[in-house]
1. What GluC sites (Glu not before Pro) does region 28-103 have in DSSP loop regions with at most 14 other beta carbons within 10 Å?
2. Given the whole protein assembly as supplied and a 1.4 Å probe, what does the accessible area of residue 250 come to in Å², nearest 10?
3. With a 1.4 Å probe and all protein chains kept in place, how much accessible area does residue 169 have, in Å² rounded to the nearest 10?
4. Report residue 174's accessible area, 1.4 Å probe, all protein chains in place, as a number in Å² to the nearest 10.
5. Which of the residue pairs 42/215; 20/226; 204/226; 20/42 have a Cα-Cα distance greater than 20 Å in the structure shown?
6. Of 20, 42, which has the most accessible area and how do the rest follow, probe 1.4 Å?
7. Please sort by residue number the trypsin sites (Lys or Arg not before Pro) in region 71-129 whose DSSP state is loop and whose Cβ has at most 16 other Cβ atoms within 10 Å.
8. For all pairs of alpha-carbon atoms in the chain, what percent lies in each bin of width 5 Å, listed from the first bin to the last filled one?
Amino acid sequence: MSDGVTSPPGDLPSSIEIDKPNAARIYDYMLGGSHNFEVDRKFADDMMAATNLTPRSYRMNRSFLRRAVRFMVERGVDQFLDLGSGIPTVGNVHEIGQAANESVRVVYVDNEPVAVSHSRRMLADNPNATIVDADLRDPQAVLDDPETRRLLDFSRPIGLLMVAIFHFIPDGDRPVEIVRRYREALQGGGYLALSHFTGDEQAKVNAHHGIEWYKQTANPLIMRGKAEVAAMLEGVDLVDPGLVWVQRWRPDNSEPELVNVSESAIYGAVGRLDAATDMG
Ligand SMILES: C[S@@+](CC[C@H](N)C(=O)[O-])C[C@H]1O[C@@H](n2cnc3c(N)ncnc32)[C@H](O)[C@@H]1O
């Protein structure tokens, strides 16, 4: 797929929009993956040539996801609901989780055909991980999906992952309400990880460019400030260091120190759900 194709290869659904760049495939390209089309690569290359945007922001977000999953696994979480999971590239949630604990179960959710199709293929032989083809804005459909019910036990702690998705969800779709609906379903508590694109502080210029450029894609970006992101996490018992630039969330020294601390342009946090559940 990494050659300059103009129509979906035969093994992918014909519904794929190949003439318009798409956030899932741009992200895959920025992470060094090969599940993207010429239209995505050209968009990303042109955007980087015209702005200060680099793949580093995307990679910092992905590293945050990795650290957040490890953090949860270390605290006994062995099942995950990953909303807007993206195209499977190296270092997926099930790989991170199952490396530490073979019995970790993961339900991925995405509605981008390439992400769904590759996830399906990659997970075919993995009985403990699956992909649900659904719109995350419809929590009932996600939560009632037979695959979700097959793998996740909602009476036990779950790791709820909402990483780099809400900047694609406009206020009109009520993101705070969406977070609340998923949280309510986690009767056994667990942890939540959330990250979100922002234009705060020094990220202002990059955010402006990101918004302008992503207007050409199937997934226009929405920028939110720290208070708006915090509102999505209201009532969640955030673990230290709270809501911070993703690269500042419990860094493991694998990232270079940044000259500009807001270079990622993405905030991230992890919190404990249901403080009554003592998971250590
Ligand atoms: C930037 S990627 C993030 C991937 C992964 N969560 C990470 O942070 O590494 C955003 C993903 O959200 C998916 N997405 C966006 N809106 C969605 C929706 N309404 N329902 C399901 N998936 C959605 C996109 O298809 C894309 O794969």
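The values are calculated or read from the model by the stated rules, or taken from the named source; none is laboratory data. Please read these numbers as outputs of a predicted model, since none were measured by experiment. Every residue, glycine among them, receives a Cβ derived from its backbone with ideal geometry; neighbour counts consider all protein chains shown. What goes into the accessible areas is simple: the full protein's heavy atoms, side chains included, and nothing from ligands, DNA or RNA. Shrake-Rupley method; radii C 1.70, N 1.55, O 1.52, S 1.80 Å.
1. 102
2. 100 Å²
3. 10 Å²
4. The value for residue 174 is about 150 Å².
5. Working: 42/215 15 Å; 20/226 31 Å; 204/226 13 Å; 20/42 11 Å.
In this structure, 20/226 exceed 20 Å between Cα atoms.
6. Descending accessible area places them as 42, 20.
7. For trypsin sites (Lys or Arg not before Pro) across region 71-129 that sit outside H, G, I, E and B with at most 16 neighbouring Cβ atoms in 10 Å, the list reads 75.
8. 1, 6, 13, 18, 20, 18, 14, 8, 3, 1, 0
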